[in-house]
Amino acid sequence: MTAAPDTSRYAKGFDMPVRGDTITADRYISQEFMARENQHLWPKVWHLGGMVAELEEEGDYVRHNLGTESVIMIRQADSSIKAFYNSCPHRGNRLVLGEIGGSDKITCGYHGWQFSPAGVLVNVQDPDDFPDGNPCGKVTLTEVRCETWGPFIFYCMDEDVAPLLDWLAPLPERLASYGLDDWIRVMYLTADADFNWKIIRDNFNESYHLPTIHPELSTFINDGLSDTLFEMYETGHNSMWMKGHQATTRNPEFETGEVPAPLDDVARAWGLDPADYNGHTGDIREAIVAAKRRMGPEMGYTNYENMSDQQLVDYFHCTLFPNLTITMSPEQCQILRTEPHPTDPQKCVFHHWVLAPPVAGMKEVITPIGPMPLEWAENRHSVYGDGQSVGYVADQDLSIGTSQQQGLNSRGFKGCILTHQEKRVQRFHELLNDYVTPGLSTDIINSDQLR
């Protein structure tokens, strides 16, 4: 962390301090570190469990598995949503095996115990055979905190964690003008992967890898370091603004030459002749802002009127501690996260969602896996490497995740050596240290006892 402070742009007031804890390999490979995460991290943070629109009527439910834990979120008679551990209080059988469904009763497949949507036991076999009398109306499922933000349902397994909107701050406010409440999840992918969940978290907390891993993005996303704005928040979350509709300033020929593809097609889509911008391609960005202001409403993008010029053309990449990423553009929201494998620290589950606004008359949208109908998508699960894409950019990220996991197992790796722009990676691991090692002083943490 010795780079000059002006080599990467941290927004004023949003450059948080770091201690310099060594980021060692054990956190990616050891069972002991995984056990500490299971005990001290995952119960004490908010988790994205599903989408409000999945629960239309009383008794509709969505299930979310996290490591060895499982939670069900159920629509109530008063339209609220409650969450419960997915475990029968009789003898622990998992109640809901499917991801989504609906019923007036949750029924255990083992002995037939039935629970109302409110989690109350309403029917058992042989009710008079219990030493303390009929348990119906007395026994309940164990409830979990459940709150919503916009179209999303979250749950938390700890009573002392801050309320959801406080936990997410300041991102709900920053994202409000996109109008996400009624957006449709048009792509819903999950995949098993052979690397620790934190590898992709590190990857999403920096843009240093873009020129080498995602070179094709450079013709329409400006990944130039001096043009990228980083922010770190007191709540532990981070964000990054990257200029869209503008080629990278890392390659001067993109600015002084002809408008590169696919930026040329983007310009045409908004009524602009790309030839008018040859030799000064960077000016297309402002021209597209004006075109979107002029043409957006008639094309059905009613949310444009609430957005800033920056939001109309740029990419707002938000990494929420510990494992959730939201990448925003005016026409698309991508949700990406990695979650721990139930037993193996060197594996994880990758999630990739795409949400799109309900534009009148639009039949399909372009997603990272190609055109998809503008309608609610079902989950497609795969194993990374089986030939099924999880998105062309995500495929590249996951490919490096696999090789990095292999390298982290080497005796030759002694700890990360980071650039100043990777400060968000450093801060993520220091926050993680604070969670998984409660009670230890900073001096102890810095003495490499976490190796």
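For the range 139-173, enumerate the residues that are among the β-branched types (V, I, T) and not in a loop (DSSP other than H, G, I, E, B). Please lay out each step first, then the result.
Of the residues in the range 139-173, the ones among the β-branched types (V, I, T) are 139-140, 142, 144, 148, 153, 161.
The answer is T140, V144, T148, I153.
Take the residues in the range 391-440 that are under 27 Å from M232 (Cα atoms) and among the aromatic types (F, W, Y); name whichever of them is surrounded by the most Cβ atoms within 10 Å (Cβ to Cβ). Once the filter is applied, the top-ranked residue is F428.
Considering the range 405-419, and only residues there that are hydrophobic (A, V, I, L, M, F, W, C) and touching a residue at least 24 places away in the same chain (Cβ under 8 Å), the residue that is farthest from Y188 (Cα to Cα) turns out to be F413.
Close Cβ contacts (under 6 Å, 6 or more residues apart or on different chains) running from residues in the range 10-23 that are surrounded by 12 or more Cβ atoms within 10 Å (Cβ to Cβ) to residues that are part of a loop (DSSP other than H, G, I, E, B) comprise T22/G415; T22/D448; I23/G415; I23/C416. Within the range 399-413, not a single residue is within 21 Å of the chain's Cα centre (by Cα) and part of a loop (DSSP other than H, G, I, E, B). Looking at the structure I just gave you, is I366 surrounded by fewer than 18 Cβ atoms within 10 Å (Cβ to Cβ) and assigned to a strand (DSSP E or B)? Yes: the conditions hold for I366. Highlighted here are the helices (runs of 4 or more DSSP H) found entirely within the range 174-283 that include at least 1 residues which are surrounded by 21 or more Cβ atoms within 10 Å (Cβ to Cβ) and touching a residue at least 60 places away in the same chain (Cβ under 8 Å): 197-204. Here P358 fulfils each of the conditions (1) in contact with a Leu (Cβ under 8 Å, 6 or more places away or on another chain); (2) surrounded by 14 or more Cβ atoms within 10 Å (Cβ to Cβ) apart from (2). From the list P131, P135, P117, which residue is crowded, with 18+ Cβ neighbours inside 10 Å, in the same structural domain as S80 (by TED's automatic domain parsing), part of a loop (DSSP other than H, G, I, E, B) and not acidic (D, E)? Result: P117 is the single residue among P131, P135, P117 that is crowded, with 18+ Cβ neighbours inside 10 Å, in the same structural domain as S80 (by TED's automatic domain parsing), part of a loop (DSSP other than H, G, I, E, B) and not acidic (D, E).
One line per residue, one yes/no per condition, for (1) free of Cβ contacts under 8 Å to residues at least 60 places away in the same chain; (2) in contact with a strand residue (DSSP E or B) (Cβ under 9 Å, 6 or more places away or on another chain):
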residue: R380; (1), (2): no, yes
residue: D395; (1), (2): yes, no
residue: S403; (1), (2): yes, no
residue: Q421; (1), (2): no, yes
residue: L432; (1), (2): no, no
residue: Y435; (1), (2): no, no
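The values are calculated or read from the model by the stated rules, or taken from the named source; none is laboratory data. Since the model is a prediction, treat every value here as computed from it, not as a measurement. Cβ: placed from backbone, ideal geometry, glycine included. Neighbour counts: every protein chain shown.
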